[in-house]
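Visitor: Have a look at the structure that comes next, please.
The values are calculated or read from the model by the stated rules, or taken from the named source; none is laboratory data. As the structure is a computational prediction, the values presented were derived from the model and not from experiment. Neighbour counts are summed over all protein chains in view; Cβ atoms, including those assigned to glycine, are modelled from backbone coordinates with ideal geometry. Only protein heavy atoms, including side chains, enter the accessible area calculation; ligands, DNA and RNA are left aside. Shrake-Rupley method; radii C 1.70, N 1.55, O 1.52, S 1.80 Å.
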Amino acid sequence: MMNLPLNKSFAQKISEHSTSEARADALLLFMKAHGNSFYDESVTQLEHAIQTAVLAREAQAPIHQVVAALLHDIGHFMTDEHDENRDFQAEDWYHEDVGAEGLKPFFDARVIEPVRLHVPAKRYLCSVDAAYYADLSPASKRSFGLQGGPLSPAEISTFENHPHFDAAIQLRRWDDRAKVVGLNTPELSDFRREVAACVLVT
Ligand SMILES: [Fe+2]
C-alpha cells in the first residue's frame, strides 16, 4: 500500500478533548469543515454521510454501525479528496484505510472494521452479484476498477469468513443508497449522542 496522506490534524483535534461529548463535538466539527464539497455527481460528502447513517438508524442497526455509517468515508474528508481536486477518481487514495487508521485511536473494531471493509464489500458484491454492479452509480462504477476490480474465489471465501463481514455488507448497501438529491435529513449534530456513546476516552 502506498503512503497514506493522513490528515494529522484530525487526531490532534480529537485528542485534545478528554470527555466523550467534547470528542464527539470535535469530530462533527471536523466533518462539517471538510464535508461541503461534492463527493460525486449528486450529493455533498456531508449529505452522503448523514444519509448513510439515517439508513442505518432506519434499519435499527446497533449504535456502532450507525456511527460507522456516518464515518465510513471520513478518509475522503481527511485527505480533502473530492471533485474539486484534479486527481480525484483518477487514482485510488485508499480512503477506507485512511479513514480506519485515522479513527483507530478513537473507536473499537465495531466502528473501525466496517469502515475499513466498505470498499472490499463493494468488490465482493460486484464479484458475486452482476445485478449489484449494474445498479452502481456511474462514479462508483468508475472507481471499481481503481479499487482493484473483482475478487478472486479465494478472496471471496476469505471475505465471507471475516468477523465483520455482515456489518461491512450492510454498510455498503446503505452507502450505495445514500445519494438522494435534496433528501430531508437531520442535521449532523443530531448524531452527537451516538458518536459520544461510541468514542473512546483514554
Ligand atoms: Fe460512501
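Visitor: May I ask you to give the solvent-accessible area per residue for the chain, in square angstrom, as obtained with a 1.4 angstrom probe?
Guide: Roughly 47 Å² per residue, with all protein chains present.
Visitor: Residue by residue through segment 114-124, what is 3J(HN,Hα) from phi via Karplus (6.51 cos²θ - 1.76 cosθ + 1.60, θ = phi - 60°)? Round to whole Hz and write x for glycine and proline.
Guide: For segment 114-124, the Karplus curve yields x, 4, 4, 9, 6, 7, x, 5, 5, 4, 4 Hz.
Visitor: For segment 8-177, with equal point scatterers placed on the C-alpha atoms only and solvent neglected, what are the log10 I(q)/I(0) values from the Debye formula at q = 0.18 1/Å, to two decimals?
Guide: For the requested q values the scattering log ratios are -1.20.
Visitor: So what is the calculated 222 nm ellipticity per residue for the chain, using -39500 (n - 2.57) for each DSSP H run with n of 4 or more, over all residues, to the nearest 500 deg cm²/dmol?
Guide: After summing the helix terms and dividing by residue count, I get -18000 deg cm²/dmol.
Visitor: Let me ask another. How much length is gained on full extension from Asp135 to Thr44, taking 0.36 nm per residue of separation minus their Cα-Cα distance?
Guide: Result: 30.7 nm gained on full extension.
Visitor: Ok, one more. Starting from 0.36 nm per residue, how many nanometres of slack lie between Asn36 and Asp190 once their C-alpha separation is accounted for?
Guide: Gain in length upon complete extension: 53.7 nm.
Visitor: Apply the Karplus parameterisation 6.51 cos²θ - 1.76 cosθ + 1.60, with θ equal to phi minus 60°, to every residue of segment 174-188 and state each ³J(HN,Hα) to the nearest whole Hz, in sequence, with x for glycine and proline.
Guide: Residue by residue, segment 174-188 yields 5, 3, 5, 8, 8, 9, 8, 5, x, 5, 7, 9, x, 5, 4 Hz.
Visitor: How much of the accessible area of the chain, in percent, comes from carbon and sulfur atoms when a 1.4 Å probe is used?
Guide: 51
Visitor: What's the tally of Lys pairs in the chain whose alpha-carbon atoms lie under 26 angstrom apart, where the two lysines are 8 or more places apart or on different chains?
Guide: Final tally of qualifying lysine pairs is 10.
Visitor: What is the local net charge at Leu29, summed over the other residues whose Cβ is closer than 14 Å to its Cβ (Lys, Arg +1; Asp, Glu -1)?
Guide: Counting the neighbours of Leu29, the net charge comes to 0.
Visitor: Translational D (Stokes-Einstein, µm²/s) of segment 26-70 at 37 °C and 0.692 mPa s when Rh comes from the Kirkwood sum over C-alpha pairs?
Guide: This corresponds to a translational diffusion coefficient of 301 µm²/s.
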